[in-house]
Amino acid sequence: MRRYLIASHAHLSTGLAEALSFLVGERDDLTTLALFVDGNDDVEAIVEGAIAECPEDCDLVVMTDILGGSVNNEFVKALASREHTYLVTNTNLPTAISIVFSDESRPTDVAIREVLATPEVAPTFVNDRLAAQDEDDEDF
């Protein structure tokens, strides 16, 4: 069993969860943490509380906004204290959708690596893609 947590500075996490819900429906296994808003400034305590809510026998997949940011760094500390915790950062909507819908029969770390290896989740500079497409069209 897997649970998913999106955590970010400000409301990015709730926005990602709302967009995910709009596109693919509500998920009972997904929660969010919007830190540094509405008095949610004690990152360490909030992260500890969120982790404590997840049963020990459950895989917890955490998606954060910025590598090296305070939110991500607090979850890095949690990796040492809780087995079955997986941390992905620099999360965008395609990454979140793909991870949440990854094959639960696969080991969690393998499923995450497979998602992150696909070009569909990476940012894309559309101008270059269109230019390449135009060059391919000229060959015909």
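Some notes on this structure:
- Residue selected from segment 105-140 under the condition farther than 19 Å from Met63 by Cα and of a type in the set (Gly, Ala, Ser), by the criterion modelled with the lowest pLDDT: Ala132
- Screening the candidates Val100, Val115, Val71, Val110 for the property of being under 19 Å from Gly49 (Cα atoms), surrounded by 10 or more Cβ atoms within 10 Å (Cβ to Cβ) and among the hydrophobic types (A, V, I, L, M, F, W, C) yields one hit, Val71.
- Residues of segment 7-32 classified as in a loop (DSSP other than H, G, I, E, B), in contact (Cβ under 8 Å) with a residue 60 or more places away in the chain and of a type in the set (A, V, I, L, M, F, W, C), total: 0
- All conditions but one from (1) over 21 Å from Asn73 (Cβ atoms); (2) surrounded by 14 or more Cβ atoms within 10 Å (Cβ to Cβ) apply to Pro55; the one that does not is (2).
- Residue among Glu48, Glu56, Glu44 that alone is outside any helix (DSSP H, G or I) and over 22 Å from Gly25 (Cβ atoms): Glu56
The values are calculated or read from the model by the stated rules, or taken from the named source; none is laboratory data. The structure displayed is predicted, hence computed values, not measured ones. With ideal geometry, Cβ positions are generated from the backbone for all residues, glycine too; neighbour counts draw on all protein chains shown.
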